[in-house]
1. Quick one: in segment 74-84, of everything that is crowded, with 18+ Cβ neighbours inside 10 Å and either in contact with an Asp or Glu (Cβ under 7 Å, 6 or more places away or on another chain) or in contact (Cβ under 8 Å) with a residue 40 or more places away in the chain (or both), which residue is farthest from residue 20 (Cα to Cα)?
2. Does residue 25 qualify as being without any contact (Cβ under 8 Å) to a residue 40 or more places away in the chain and not in a helix (DSSP H, G or I)?
3. Scan segment 30-41 and tell me whether some residue there is among the aromatic types (Phe, Trp, Tyr), over 19 Å from residue 60 (Cα atoms) and either touching a residue at least 40 places away in the same chain (Cβ under 8 Å) or surrounded by 17 or more Cβ atoms within 10 Å (Cβ to Cβ) (or both).
4. Looking at 71, 16, 56, which one is out of contact with any His (no Cβ under 9 Å at 6 or more places or on another chain), of a type in the set (Lys, Arg) and free of Cβ contacts under 8 Å to residues at least 12 places away in the same chain?
5. Would you confirm, using the coordinates I've provided, whether residue 50 is aromatic (Phe, Trp, Tyr), in a helix (DSSP H, G or I) and in contact (Cβ under 8 Å) with a residue 40 or more places away in the chain?
Amino acid sequence: MASFRSNDEFFEAVAKLTAELETHGHAGAVAELRSGFGCLNGLTDGWALFLESIDKVQASQAERFDDNQRKALRAIRAAVYSAVYRR
């Protein structure tokens, strides 16, 4: 998994980002990310659905995030992309 040493580290990063976004009033982004994250089922299709959610957030809301939040979202996306496309 790109830039994360374990699934636990990855899951912690997702939880940290969603909590921070929620604290900063990005409820729509949090809802979309949590919806996609809830699709993770250990199969590629679940990861692909999470990737779609991340891409929606990046396209429509990430410009309002601070630099660290955008960086975290990019790192999470890279890991999810790797899981979907095995790269």
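Please treat every number below as a calculation from the coordinates, not as lab data. It should be emphasised that the depicted structure is a prediction, and the values quoted were computed from it without experimental measurement. Positions of Cβ are backbone-derived with ideal geometry, glycine not excepted, and every protein chain shown enters the neighbour counts.
1. 83
2. In short, yes.
3. Within segment 30-41, none of the residues are among the aromatic types (Phe, Trp, Tyr), over 19 Å from residue 60 (Cα atoms) and either touching a residue at least 40 places away in the same chain (Cβ under 8 Å) or surrounded by 17 or more Cβ atoms within 10 Å (Cβ to Cβ) (or both).
4. Exactly one of 71, 16, 56 is out of contact with any His (no Cβ under 9 Å at 6 or more places or on another chain), of a type in the set (Lys, Arg) and free of Cβ contacts under 8 Å to residues at least 12 places away in the same chain, namely 71.
5. no
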